[in-house]
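K.L.:
Just passing along the structure, written as structure tokens.
All of the numbers you see were taken from the coordinates with simple rules; none came from a lab. Just so it is clear, the structure is predicted and the values come from calculations on it, not from any experiment. Glycine gets a Cβ as well: all are built from the backbone with ideal geometry, and neighbour counts include every protein chain shown.
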Amino acid sequence: MESIGLFEAKTHLSELIARAERGEEVIITRHNKPVAKIVPFGGVSAELLERRLKAVAAMQQIGREIAERGEPLTTQEIVEWVREGREDREERIWSAATGSGG
């Protein structure tokens, strides 16, 4: 997935829209930080569908682990999971924006 600066995106908006119509996605950056994504309208890409299915499976696994544990989660555990999720999300955004794939 390509990233493009805001100024260039404004200059080439019709080209970016045409690319979205062909199924491509483009990340828009401001000062080299991802701020938006142009995506095709409608159906879900195979990549997004796979990510969603993995997320659902992970949530189901968490539910099973909590049920097996037999006691509720602590506030600290919930806070830590939220923190980890935010860090993972930031890594994915930066990887996509920089093309590092990591």
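K.L.:
What is the gain in length, in nm to one decimal, between Val56 and Phe41 on full extension, counting 0.36 nm per residue of separation less the C-alpha to C-alpha distance? Spell out each step's value before the answer.
P.N.:
Numbers: separation 15, 0.36 × 15 = 5.40 nm, distance 2.29 nm.
My answer for the length gained is 3.1 nm.
K.L.:
Consider all pairwise Cα distances in the chain and report the whole-number % of them above 22 Å.
P.N.:
Counting every Cα pair in the chain, those more than 22 Å apart make up 47 percent.
K.L.:
Mind checking the dipole of the chain: about its Cα centre, +1 per Lys or Arg Cβ, -1 per Asp or Glu Cβ, Debye to the nearest 20?
P.N.:
So the dipole magnitude of the chain works out to roughly 300 debye.
K.L.:
As I understand it, the dipole of the chain uses +1 on the Cβ of Lys and Arg and -1 on the Cβ of Asp and Glu, about the Cα centre. Which of His31, His12, Thr98 lies farthest toward its positive end?
P.N.:
His12
K.L.:
How far is the Cα center of region 18-56 from the Cα center of region 63-101, in Å?
P.N.:
Using only Cα atoms to place each centre, the spacing works out to 21 Å.
K.L.:
If you don't mind, there's one more thing I want to ask. Check cross-link reach from Lys33 to the aspartates and glutamates: straight Cα distance under 19 Å, and skip same-chain residues fewer than eight apart.
P.N.:
Glu2, Glu8, Glu25, Glu87, Asp88, Glu90, Glu91
K.L.:
Straight distance only, please: which lysines reach the Cα of Lys54 with their own Cα at less than 22 Å, same-chain residues fewer than 8 apart left out?
P.N.:
Within the straight-line limit of under 22 Å, Lys54 reaches these lysines: Lys37.
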